[in-house]
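Down below is the structure, laid out as structure tokens.
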Amino acid sequence: MSIDQGVPSAPSSTPTWAVDLKGRSESANWDQEGKLRGQEEKNQLLWLKGYGWVVMSFLLVFTLLYMGALVSWALHYLLNDSLHWLTPEQLSKIQSILFSGSVGGVVSLVLQKQLKK
């Protein structure tokens, strides 16, 4: 049994992470910790802004749908009999959506989560 395996070769001059763009950027800014920390904060801020836009558009769509259903339901009952355009089945569906509280509960839940942050 031979233990003579020879001298290991010298490592290559270029580390494996040097070909990665993020690795090169981190290596270039290694001594500037504030710059790296600032980038992380910028990334978090961009994500939060995007998330805020998605949540607000979601709430806007649900609010518009809810208000449209409420207005059409109310106008159906408030206008004279010749202008009734909804069938009893449609009225029943609209009433169950409006007064079940599910849509309001979803909007309220999302708003409460946003106001806590």
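Every number in this text was worked out from the coordinates using simple rules, so none of it is lab data. Note that the structure is predicted; figures quoted are calculated from it, not measured. Note that we place each Cβ from the backbone using ideal geometry, even for glycine, and neighbour counts take in every protein chain shown.
Quick look at the values:
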| read-out | value |
| --- | --- |
| Sparsely packed chymotrypsin sites (Phe, Trp or Tyr not before Pro) within region 72-103, loop by DSSP, other Cβ within 10 Å at most 11 | TRP85 |
| Sites LYS42 and LEU21, calculated FRET efficiency, Cβ-Cβ separation with R0 22 Å, nearest 0.05 | 0.80 |
| Spin-label model distance (nm) - ASP31 vs PHE58, 7 Å beyond Cα toward Cβ | 4.6 nm |
| Inter-probe distance in nm under a simple model that places probes 7 Å from Cα toward Cβ, at SER108 and VAL71 | 2.4 nm |
| q = 0.14, 0.18, 0.21 Å⁻¹: log10 I(q)/I(0) that the Debye formula gives for region 26-115, counting C-alpha atoms only | -0.68, -0.88, -1.00 |
